[in-house]
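Some notes on the structure that comes next.
The values are calculated or read from the model by the stated rules, or taken from the named source; none is laboratory data. In this text, all values refer to a predicted model and were calculated from it rather than measured experimentally. Ideal geometry is used to build each Cβ from the backbone, glycine not excepted, and the neighbour counts take in all protein chains shown.
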Amino acid sequence: VPSSASGSATQNLVHEPPEAAFAFTVTQLTDLVCQTVRANGALRGVLVRGEMSNVVVHASGRIYFTLKDERSQVASVVFRSDAVRLRFEPENGLEVLVAGDVDVFSARSQYQLVARDVRPLGQGAWWLHFQQVRMGLEAEGLTADARKRALPATPRRIGLVTSPDTAAYHDVLRTLADRWPLVEVVVALAPVQGDDAPPALITALSRLAHADIDVVIIARGGGSAEDLACFNDASLARAVASSPIPVVSAIGHETDVTILDFVADVRAATPSRAAELVAPDRAEVLRDLGRIRSDLEASLRVLFEDMRERARTAHGRLTPEAVLGLVRDLAQRLDVAFDGMRAAIRLSVERAQDRAERAASALNALGPRPTLERGFAVVLDVRGATVSSVATVSRGDRLRVVVRDGEIRVTVEDRKEVKT
Amino acid sequence: VKGTFEETLAELEARVAALSRGDLSLEEALRAFEEGLDLYRECAARLREAELKVTELTEAAEGETVS
């Protein structure tokens, strides 16, 4: 037997032993392992903890990673339907708890972990997600202090994004009614809890952008971290950051912090506090008004004193001649002012005429007039549009032929196209 | 046609400024003072009597209903 012969040649030359008839094919072996693994209840619904590495998020939406500890590793996959429900971005080096089934990837005869859910250990999925969103927005520059806009001192129209079911709705309206009822509140309702909330909040915000609003309050009463989670949504944060109107975030209580707080122009500790921040207090303004009134009276009193003083000193000098001189002087000043004004008006009229004439002659040079003067004509249809092709007229159409000194009305008898 | 509260307040402040400059004639000063008082009463009345107006944007986006 030549040792250098190829595999197939070898098989042809060697007599097959009888037991070859009982041999597995590779596929059969893999199928057997696969069936065995799948039939074993202990390998279904397992919880495995380990460190994520080689994380690849495929374009298909599947997430591949290797789950490992100090000595072993297992290939893992999260299918799309489960991947979209993960509350964090998988990252290399993350200690996670995986819930899933052990399965066999036939093409490689490799066993793998099909993860149904993955949760970060230690920090908690919620916290990690929050930090990831916050840092992402920070990297985009959306949380920078330089972006924060000042609120208008006295807004005319305030936008309120909230749900009528939340205490915040009434808190904001009550506070505004007490403090600054001169304002108009435009409410854009949206749910403030659950997965539907972020897109609805974004829509509400964009509707207010076209409602002539000076400032927007996004408000919600207190709740658990899960209840407030919709305000940690990254797309809501981006919508707030790109809002043309300043936004005040007013979510929950003093101690509640959401992503919205980082991108809003102003963070209010509570919804009532937000209402206090956006509008002045009428009690204060009334006190200011009282002061203005006192100033008014004081100024008048000073003026009276001054007049009385002047009257006293002028008493001796106020003769008829002096009064007459004063009147003449005034009349003369009036004449001078009048003449100056007339000259100014004349100059501006002349300038306007000059400009009009220059414009007219420029127009003339560009228009059809010089061409008509040379004997050409312009043909117009009934709507006054220029006819420049036989294709646009039909027999019986009425047309106007404009020549140098007037118009000739004609009716189309025939038309003939000349090939050029 | 009445202006906004801010416009009325600005008018009032203009009267105070004109009066405190002290270069008005007696008639002008008296007129400024009386107009100022009226503007003050107008501002104060508006602050005391104003009622919050609440408008709700409907789901139909463009249409507005007053509640």
Whichever residue in region A:156-167 is more than 10 Å from chain B (Cβ to nearest Cβ) and assigned to a loop (DSSP other than H, G, I, E, B) and, among such residues, is surrounded by the fewest Cβ atoms within 10 Å (Cβ to Cβ): A:ASP165
Restricted to region B:22-36 and to residues being more than 7 Å from chain A (Cβ to nearest Cβ) and assigned to a helix (DSSP H, G or I), the residue farthest from the chain's Cα centre (by Cα) is B:GLU27
Restricting to region A:19-67, and then to whatever is among the small types (Gly, Ala, Ser) and either in contact (Cβ under 8 Å) with a residue 12 or more places away in the chain or touching an Asp or Glu at 6+ places or on another chain (Cβ under 8 Å) (or both), can you tell me which residue is surrounded by the fewest Cβ atoms within 10 Å (Cβ to Cβ)? A:SER60
If a residue must be within 14 Å of chain B (Cβ to nearest Cβ) and closer than 15 Å to A:ALA250 by Cα, how many such residues does region A:196-217 contain? 4
Residues satisfying the stated conditions in region B:4-21, i.e. surrounded by fewer than 12 Cβ atoms within 10 Å (Cβ to Cβ) and facing chain A (nearest Cβ under 10 Å): B:ARG21
Applying the selection to region A:68-119, what residues are within 26 Å of A:THR25 (Cβ to Cβ), in a strand (DSSP E or B) and in contact (Cβ under 8 Å) with a residue 60 or more places away in the chain? A:VAL102, A:ASP103, A:VAL104, A:TYR111
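Pick out the one residue from A:ASP171, A:ASP145, A:ASP178, A:ASP101 that is farther than 28 Å from A:SER224 by Cβ, within 14 Å of chain B (Cβ to nearest Cβ) and not aliphatic (A, V, I, L, M).
A:ASP178
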Any residue at all in region A:185-195 that is outside any helix (DSSP H, G or I), farther than 21 Å from A:HIS253 by Cβ, in contact with a Leu (Cβ under 6 Å, 6 or more places away or on another chain) and more than 14 Å from chain B (Cβ to nearest Cβ)? no
Going by the structure shown, is A:ILE245 in contact (Cβ under 8 Å) with a residue 40 or more places away in the chain and closer than 30 Å to B:ARG46 by Cα? yes
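Results for (1) farther than 30 Å from A:ALA75 by Cβ; (2) at pLDDT 90 or above, shown as yes or no for each residue.
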| residue | (1), (2) |
| --- | --- |
| A:MET135 | no, no |
| A:GLY141 | yes, yes |
| A:ALA153 | yes, no |
| A:ILE158 | yes, yes |
| A:VAL172 | yes, yes |
State which residue pairs qualify: first residue surrounded by 24 or more Cβ atoms within 10 Å (Cβ to Cβ) and modelled with pLDDT of 95 or more and inside region A:206-219, second residue in a helix (DSSP H, G or I) and of a type outside the set (A, V, I, L, M, F, W, C) in any location, beta carbons under 8 Å apart, and separation of 6 or more residues or different chains. A:ILE217/A:PRO271; A:ALA219/A:TYR169; A:ALA219/A:ASP171; A:ALA219/A:PRO271
Scanning region A:257-297 for residues that are away from chain B (no Cβ under 13 Å) and charged (D, E, K, R), which turns out nearest to A:PRO246 (Cα to Cα)? A:ASP265
Unique residue being farther than 25 Å from A:ARG156 by Cα and of a type in the set (Ser, Thr, Tyr) when the list is A:SER235, A:SER206, A:SER249, A:SER243: A:SER235
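When you scan region A:298-306, do you find a residue that is in a helix (DSSP H, G or I), within 14 Å of chain B (Cβ to nearest Cβ) and touching a Ser or Thr at 6+ places or on another chain (Cβ under 6 Å), even just one?
Within region A:298-306, the first condition is being in a helix (DSSP H, G or I), and the residues that meet it are A:298-306.
Then drop every residue that is not within 14 Å of chain B (Cβ to nearest Cβ), which leaves A:298-306.
Filter once more, so that each one left must be touching a Ser or Thr at 6+ places or on another chain (Cβ under 6 Å): A:299.
The answer is yes, given that some residue of region A:298-306 is in a helix (DSSP H, G or I), within 14 Å of chain B (Cβ to nearest Cβ) and touching a Ser or Thr at 6+ places or on another chain (Cβ under 6 Å).
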Restricted to region B:42-57, and to residues that are exposed (fewer than 13 other Cβ atoms within 10 Å of the Cβ) and more than 7 Å from chain A (Cβ to nearest Cβ), which residue is farthest from A:VAL216 (Cα to Cα)? B:ALA45
Please work out if A:ALA153 is assigned to a helix (DSSP H, G or I) and either surrounded by fewer than 19 Cβ atoms within 10 Å (Cβ to Cβ) or more than 14 Å from chain B (Cβ to nearest Cβ) (or both). no
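I'd like the full set of residues that are assigned to a helix (DSSP H, G or I) and farther than 19 Å from A:ALA268 by Cα, limited to region A:196-234.
Within region A:196-234, A:ALA197, A:PRO198, A:PRO199, A:ALA200, A:ILE202, A:THR203, A:ALA204, A:SER206, A:ARG207, A:LEU208, A:ALA234 meet the criteria.
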Restricted to region A:120-131 and to residues being exposed (fewer than 15 other Cβ atoms within 10 Å of the Cβ) and assigned to a helix (DSSP H, G or I), the residue modelled with the highest pLDDT is A:GLN131
Restricting attention to region B:49-64, does a residue exist that is out of contact with any helix residue (DSSP H, G or I) (no Cβ under 8 Å at 6 or more places or on another chain), modelled with pLDDT of 85 or more and in a helix (DSSP H, G or I)? yes
Matching strands (runs of 3 or more DSSP E) fully within region A:336-420 where at least 3 residues are free of Cβ contacts under 8 Å to residues at least 12 places away in the same chain: A:406-411
